[in-house]
Amino acid sequence: MKKSPLQKARAAYQPKLPIVLTGAVKVVEGKPTQSVADQEKIQQLFPNTYGLPELTFEKNTTPTAGKPINVGVILSGGQAPGGHNVICGLFDGIKKIHRDSRLFGFLMGPGGLVDHKYVELTASIIDEYRNTGGFDIIGSGRTKLETKEQFDSGLVILKELGIKALVIIGGDDSNTNAAVLAEYYKSINAGVQVIGCPKTIDGDLKNECIETSFGFDTATKVYSEVIGNIQRDCNSAKKYWHFIKLMGRSASHIALECALQTQPNVCIISEEVEAKNLTLDQVVDSIAQTVVARANDGKNFGIVLIPEGLIEFIPAIKKLIKELNNVIALNEKEIQGLATEELEKFILSHLSEENAATIATLPATVARQLMLDRDPHGNVQVSLIETEKLLSEMVGKRLAQLAEQGVFKGKFSALHHFFGYEGRCADPSNFDADYCYALGFNAACLINAGVTGYMSSIRNLVKPSVQWLAGGIPITMMMNIEHRNGADKPVIQKALVRLDGAPFKYFAAHRDEWALNTCYVYPGPIQYFGPAEICDQPSRTLALEHQTL
Ligand code: FBP
């Protein structure tokens with residue numbers, strides 16, 4: 001395989017392992033744990049894996065001889081930079097336990113376990129993927145591991161390969177499923193441990209014990225580089241407003257982090273829109289006001305960052321989507337085979353007055369997308385909605401009204417961008433390369449400790465990586481009960497942007513200045529080689545949350 005010069009240099013990078021994991025480790029047990037909410041119900045659902053203690057690894061002065069162990073690994077959900085290093089760390093970790101240990105990768109996500117599709121990951125394969133982006137070593141998928149049939153089918157291949165532990169690298173849903181699988185295998189004495197690893201560029205799998213999910217650091221650095229480049233262009237030509245949508249299915253962590261890194265004129269935070277019960281018109285008005293204020297100062301250009309999930313956080317649209325889903329689900333037979341126009345008419349005639357009024361305020365293309373574009377489960381495909389175009393179109397209309405009233409005397413010309421896939425498979429930053437390698441290596445230590453239902457946890461992340469702390473957190477500790485698809489389910493609590501958290505507070509304290517003045521910061525590309533202050537810095541979110549800024 002042909003490699004670029006950077007790829008070759010990067011292959012030689014040796015991730016910096018926390019000192020505590022560099023020799024023999026001993027396990028220190030903390031106090032028994034409780035789930036974040038709904039303790040009784042979660043305990044009932046996880047009788048074998050509830051209440052386990054937090055684990056911390058410390059250096060052991062007396063090394064113990066390990067036995068060979070066969071381990072399986074799965075990549076689940078959207079790609080995130082550093083996934084390969086989790087697998088490399090896991091491989092090196094189990095080889096350190098015993099050189100005859102073996103690692104099997106299940107192909108294309110959890111479906112590979114159910115369908116018995118796998119590959120043995122040997123040293124020569126692993127070495128090709130060290131410090132690289134992507135999930136292509138074994139592929140990823142979104143099959144949900146939920147049913148007893150799937151668990152039993154998986155167990156057949158695990159037994160056949162002599163696998164004693166399975167590592168699931170995924171987001172909140174995949175780790176929820178890992179906990180359910182761990183509980184089931186424990187309840188039937190299957191002899192298979194299950195360990196989770198926190199992955200997602202969205203940054204919404206975090207809590208007191210998991211400081212960040214991997215991939216967030218690299219993805220936001222990539223997006224911030226490109227936003228910075230656009231800001232330079234914008235400040236050079238001084239003639240465009242750039243509307244930039246940023247990935248992140250639900251939470252706005254990515255948009256917020258990019259705003260902290262680049263200081264744009266506007267950044268919408270979905271969680272704030274919801275908390276303030278803002279309408280779409282109010283969001284549009286606030287952007288239009290910034291455009292007017294800048295125009296009054298002779299600046300007919302600017303940058304607006306928009307989180308991908310915004311539309312679902314606008315309370316009125318949330319209500320509308322809920323009713324649309326119901327109308328479609330309850331009238332399945334009636335609407336089957338209807339031509340587009342008839343279908344639109346049918347849906348509109350079944351909406352409440354309030355929701356009909358909301359849909360009437362939306363541009364026709366968006367209203368149609370909300371009514372007609374459905375996923376296989378019948379849900380609105382919100383991620384397909386071009387929010388960046390929707391907002392700029394509405395801002396344009398508002399400015400035209402303001403121009404008629406003589407309030408807006410400037411020019412408004414908008415360009416649109418969506419950054420998501422560009423960052424998900426980038427070569428991991430040094431932070432993610434080190435963090436992921438440590439997560440994988442640490443997962444091997446948890447396997448060696450004989451535990452199940454734990455998530456690999458590496459903490460103290462704002463410190464240099466050698467000082468990081470390592471251990472395991474019972475997954476049930478992160479769970480609560482949520483009502484999903486008509487039923488109460490135990491799930492890992494999703495971490496949304498906290499309006500009382502330090503990253504949002506910093507942003508809120510500076511945004512007025514960033515709106516009117518041009519305070520752009522140009523982060524430039526990720527640097528892999530050079531001084532630590534350029535190459536090894538964690539995200540601003542992490543630094544602010546742990547007060548090192
Ligand atoms: P995960 O939650 O699985 O990590 O995926 C995150 C994400 O990148 C979201 O930001 C985005 O909305 C979604 O995946 C896109 O999904 P797909 O890869 O299926 O297009």
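What the table below lists for this structure:
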read-out: Prolate/oblate/rounded call for the range 93-153, Cα gyration tensor, a/c under 1.5 rounded; value: oblate
read-out: Share of pairwise Cα separations in the range 265-354, more than 19 Å, in percent; value: 56
read-out: Sites His98 and Leu516 - FRET efficiency at Förster radius 51 Å, r taken between beta-carbons, to 0.05; value: 0.20
read-out: Amide H contacts under 5 Å for Gln193, placed H, 5+ residues apart; value: Ala165, Leu166
read-out: Under the Karplus curve 6.51 cos²θ - 1.76 cosθ + 1.60, θ = phi - 60°, whole-Hz ³J(HN,Hα) for the range 415-420, x wherever Gly or Pro sits; value: 10, 10, 9, 9, 10, x
read-out: Semi-axis lengths (Å, descending) of the ellipsoid that matches the C-alpha gyration tensor of the range 305-351; value: 25, 12, 9
read-out: Most to least packed among 470-476, 25-31 [average Cβ atoms within 10 Å]; value: 470-476, 25-31
read-out: Nitroxide proxy distance, nm - points 7 Å out along Cα→Cβ at Ala502 and Ala9; value: 3.3
read-out: Selected from Ser101, Ile317, Ala449, residue furthest toward positive end of dipole (the chain; charges at beta carbon); value: Ser101
read-out: Within the accessible area of the range 289-436 (1.4 Å probe), percent carbon and sulfur; value: 51
read-out: Estimated vicinal HN-Hα couplings, Hz - the range 161-175 in sequence order (Karplus 6.51, -1.76, 1.60; Gly, Pro = x); value: 8, x, 7, 9, 8, 10, 10, 10, 9, x, x, 4, 5, 5, 6
read-out: Label-point separation, Gln43 to Ser153 (7 Å along Cα→Cβ), nm; value: 3.6
read-out: Calculated [θ] (222 nm, deg cm²/dmol) that DSSP helices of n ≥ 4 give over the chain, each run adding -39,500 (n - 2.57); value: -13000 deg cm²/dmol
read-out: Residues in the range 404-437 that a label on Asp373 would reach, taking backbone N under 17 Å of a point 7 Å out along Cα→Cβ; value: 416-421
read-out: Accessible surface, the range 434-549, averaged per residue in Å² (probe 1.4 Å); value: 43
read-out: Two-site FRET efficiency, Gln547 against Thr22, from Cβ-Cβ distance with R₀ of 30 Å, rounded to 0.05; value: 0.60
read-out: Cα Rg over Rh - the range 1-142, Kirkwood; value: 1.03
read-out: Too-long pairs where the Cα-Cα distance tops 25 Å, listed order kept, from Lys16/Lys144; Lys26/Lys463; Lys96/Lys159; Lys245/Lys409; value: Lys16/Lys144; Lys245/Lys409
read-out: Label-to-label distance, nm, for residues given as Ala275 and Lys333 (7 Å Cα→Cβ offset); value: 4.8
read-out: Centroid-to-centroid separation of the range 316-355 and the range 36-64 [C-alpha atoms, Å]; value: 46
read-out: Only Lys, Arg (+1) and Asp, Glu (-1) charged, at Cβ; the chain dipole about Cα centre in debye; value: 1320
read-out: The range 504-549 - percent of accessible surface contributed by carbon and sulfur, probe 1.4 Å; value: 52
read-out: Protection proxy ranking, peptides 52-58, 300-306, 63-69, 161-167, average beta carbon neighbours within 10 Å, highest first; value: 300-306, 161-167, 52-58, 63-69
read-out: Positive-end residue, the range 178-245 charge dipole about Cα centroid, Cβ charges, pick of Ile210, Val194, Cys234; value: Cys234
read-out: Taking the C-alpha atoms of the range 397-549, convex hull volume expressed per residue in Å³; value: 224
read-out: Accessible surface, per residue, of the range 273-360 when the full set of protein chains is kept, probe 1.4 Å, Å²; value: 51
read-out: Accessible surface of the range 50-116, 1.4 Å probe, proportion on carbon and sulfur as whole %; value: 53
read-out: Volume in Å³ per residue [convex hull over Cα atoms, computed for the chain]; value: 168
read-out: Debye log10 I(q)/I(0) for the range 422-508, one point scatterer per Cα, at q = 0.16, 0.22, 0.25 Å⁻¹; value: -0.96, -1.13, -1.13
read-out: Heavy atoms of Met108: accessible area, 1.4 Å probe, square angstrom to 10; value: 120
read-out: Reachable aspartates and glutamates from Lys333, criterion Cα separation under 20 angstrom, eight or more residues apart if same chain; value: Glu323, Glu341, Glu342, Glu344, Asp373, Asp375
read-out: Accessible surface ranking that places the most exposed of Lys16, Lys463 first, with a 1.4 angstrom probe; value: Lys463, Lys16
read-out: Charge-dipole axis of the chain as Lys and Arg at +1 and Asp and Glu at -1 on Cβ define it, positive-most pick from Ile268, Gln527, Val28; value: Gln527
read-out: For the range 1-75: rounded, prolate or oblate by the Cα gyration tensor [a/c cutoff 1.5]; value: prolate
read-out: Heavy-atom accessible area per residue - the range 157-267, 1.4 Å, Å²; value: 25
read-out: Amide H contacts under 5 Å for Arg459, placed H, 5+ residues apart; value: Leu469, Ala470
read-out: For peptides 528-534, 75-81, 409-415, sequence by mean Cβ density within 10 Å, most packed first; value: 75-81, 409-415, 528-534
read-out: Nonlocal amide H pairs with Asp427, under 5 Å, H built at 1.01 Å; value: Gly133
read-out: Sequence-distant lysines (8 or more away, or on other chains) whose Cα lies within less than 17 Å of Lys411; value: Lys238, Lys239, Lys299, Lys397
read-out: Leu384, Leu372, Leu90, reordered so the largest accessible area comes first (probe 1.4 Å); value: Leu384, Leu372, Leu90
read-out: Cα gyration tensor, the range 245-310 - rounded (a/c under 1.5), prolate or oblate; value: oblate
read-out: Total charge dipole magnitude, the range 75-226, about the Cα centre, Cβ charges on Lys, Arg, Asp, Glu only, Debye to nearest 20; value: 440
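The values are calculated or read from the model by the stated rules, or taken from the named source; none is laboratory data. Predicted, not measured: the structure shown is a model, and the values here were computed from it. Every residue, glycine as well, gets a Cβ built from its backbone with ideal geometry; the counts of neighbours run over all protein chains shown. Surface accessibility is based on the protein's heavy atoms, side chains included, excluding ligands, DNA and RNA. Shrake-Rupley method; radii C 1.70, N 1.55, O 1.52, S 1.80 Å.
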